[in-house]
Structure formats: C-alpha cells, structure tokens
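Notes follow once the structure below has been shown.
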Amino acid sequence: MGLMTITLLVSWLLGWALCRGLSRLPEHRLQGQPKVSVLIPARNEEGTLPNLLPALRGQSLQPLEVIVIDDHSSDRTAAIATRAGVRVLVPTPPLPGGWCGKTWALHNGVQASAGEVLVFLDADTEPGPTFLERLVATQQALGSLVF
C-alpha cells in the first residue's frame, strides 16, 4: 500500500468519525410561529431548484417568504423560481470591490427580506419536511446562530 492510499484511507476514516454525529439537530420545541425568510443565492441552478423549492413548500413550518437571489445566471434559474411561485431578486447594483458574488447576493437578499429569522440555503440542498421547524427551534433554544 502506497503512502497516498494510506493518507486517503486515514482522511476518509477521520472524516467519517467526525461527521457521523452531525446528521441531526438536537430536539427542541418551536416557540410560536416565527416569520422565517429563506434566502437562496443561485447561479445557473436550473438543475437543482426543482428539487429544493418543492421541499420548502412541504415544510412543517412554512416560511413567510422564499427568495431566490439570481446571481446573473445564464440558464433558466430565474424562470424556474418564478414558476415555482417564489420571489426572485436579481442584484442590480454592480459588485463592489472586495465582495464575492455569493456574499453580495446574500447581502441583497437580506436587505429585501421581511422575516425575523433568516435561513440561508444553497440551491443544491434538499431539506427534509421538518428541517425549518427543527432549525428554528434550535436557534430559539440556543439564542444564537445555528450552522
């Protein structure tokens, strides 16, 4: 067995050991009906949004709003999001110096959102039906950011 094979095997085992306990959020009860804004920065995500957006519609805690921030896609990202009935935001101010596209998109999404709780999701995620409820309940219980 070569050094590279051993290194890859050890790396995989360490990663597996570290990540296997991260799959579930602790159980907490949701307090009230918080207004949740889900912000999704997206560039050329026409292949992933058809999985994510229906998963958000099926949540046990319905978000106040879902905003897809279309970061200058060259595909049908905005059209797919619009057809799904979510708000589409296209940042029109030019990208300021020192900003990256994704962080600028999220900044614009935060400015346009109305929720008291902001949830940032990548377009290639597929949350289970209780994801938002469990995430927000954990945030309420901890009183801090939840990653």
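The values are calculated or read from the model by the stated rules, or taken from the named source; none is laboratory data. For clarity, every value in this text was computed on a predicted model and none was experimentally measured. Cβ: placed from backbone, ideal geometry, glycine included. Neighbour counts: every protein chain shown.
Descriptive notes on the structure:
- Members of the stretch 102-124 that are closer than 10 Å to Pro41 by Cβ, surrounded by fewer than 14 Cβ atoms within 10 Å (Cβ to Cβ) and of a type in the set (D, E, K, R): Asp122
- Among residues of the stretch 68-101 being among the hydroxyl-bearing types (Ser, Thr, Tyr) and more than 20 Å from Phe120 (Cβ to Cβ), the one that is surrounded by the most Cβ atoms within 10 Å (Cβ to Cβ) is Thr82.
- Within the stretch 88-106, the presence of at least one residue that is within 24 Å of Pro54 (Cβ to Cβ) and touching a Phe, Trp or Tyr at 6+ places or on another chain (Cβ under 8 Å) is confirmed.
- Any hit, the stretch 56-67, residues being out of contact with any strand residue (DSSP E or B) (no Cβ under 7 Å at 6 or more places or on another chain), surrounded by 15 or more Cβ atoms within 10 Å (Cβ to Cβ) and modelled with pLDDT under 95: no
- The stretch 67-100 - residue that is farther than 19 Å from Val119 by Cβ and of a type in the set (A, V, I, L, M, F, W, C) and, of those, farthest from the chain's Cα centre (by Cα): Leu95
- Residue match in the stretch 43-50 (condition: under 30 Å from Glu27 (Cβ atoms), of a type in the set (D, E, K, R), surrounded by 14 or more Cβ atoms within 10 Å (Cβ to Cβ) and touching a residue at least 24 places away in the same chain (Cβ under 8 Å)): no
- Long-range neighbours under 6 Å by Cβ, at least six apart or interchain, first residue within 17 Å of Leu56 (Cα to Cα) within the stretch 73-98, second surrounded by fewer than 18 Cβ atoms within 10 Å (Cβ to Cβ) and of a type in the set (S, T, N, Q): Val88/Thr82
- Residues located in the stretch 94-109, provided they are of a type outside the set (Ser, Thr, Tyr) and closer than 22 Å to Val66 by Cβ: Gly101, Lys102, Trp104, Ala105, Leu106, His107, Asn108, Gly109
- Among the conditions (1) over 18 Å from Gly115 (Cβ atoms); (2) in contact (Cβ under 8 Å) with a residue 24 or more places away in the chain; (3) buried (at least 19 other Cβ atoms within 10 Å of the Cβ), the only one that Arg29 does not satisfy is (3).
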